[in-house]
Amino acid sequence: MSTTEQTTSIQTGTWSLDSTHSNVGFAVTYKVLTFDLRYYDTDLTRAQCFIVGGDPRGVTSGTNTSKWCDATVIAKLSFDMTLNNNIK
């Protein structure tokens, strides 16, 4: 299990934005397969996320907000196809 927390400070012109990003998850590996499950979150508001991320849907909808920074769970399945390590 791994936990990561990162604090970012963005300064442009006359304003600055401090935010915290975190992810918690685990990975299980069996032979050449790895299953990774993670929970990602940030303390950015939807308006701050729009400013930082530039989500085009915030412009076209007229809301100037973004859902890109909402908390989410991501699952990943990967294969390690390194010839020397996995083929005997």
Requested in this report: Taking the residues in segment 36-58 that are in a helix (DSSP H, G or I) and of a type in the set (A, V, I, L, M, F, W, C) as candidates, determine which candidate is nearest to residue 22 (Cα to Cα).
Outcome: 49
Query raised in the report: What are the residue pairs meeting all of these: first residue in segment 21-33, first residue in a strand (DSSP E or B), second residue of a type in the set (Val, Ile, Thr), Cβ atoms under 6 Å, and 6 or more apart or on different chains?
Result: 21/42; 23/4; 24/3; 27/34
Query raised in the report: What's the number of the condition residue 16 fails, among (1) at pLDDT 90 or above; (2) of a type in the set (Ser, Thr, Tyr); (3) touching a Ser or Thr at 6+ places or on another chain (Cβ under 7 Å)?
Result: (1)
Report summary line: Here the qualifying pairs (Cβ atoms under 9 Å; residues six or more apart or on different chains; first in segment 70-88 and surrounded by 10 or more Cβ atoms within 10 Å (Cβ to Cβ); second part of a helix (DSSP H, G or I) and at pLDDT 85 or above) come out as 70/46; 70/49
Requested in this report: Would you check which residues across segment 30-43 are modelled with pLDDT of 90 or more and not aromatic (Phe, Trp, Tyr) and list them?
Outcome: 33, 34, 36, 37, 38, 41, 42, 43
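The values are calculated or read from the model by the stated rules, or taken from the named source; none is laboratory data. Only a predicted model underlies this, so the values are computations on that prediction, with no experimental measurement involved. Every residue, glycine among them, receives a Cβ derived from its backbone with ideal geometry; neighbour counts consider all protein chains shown.
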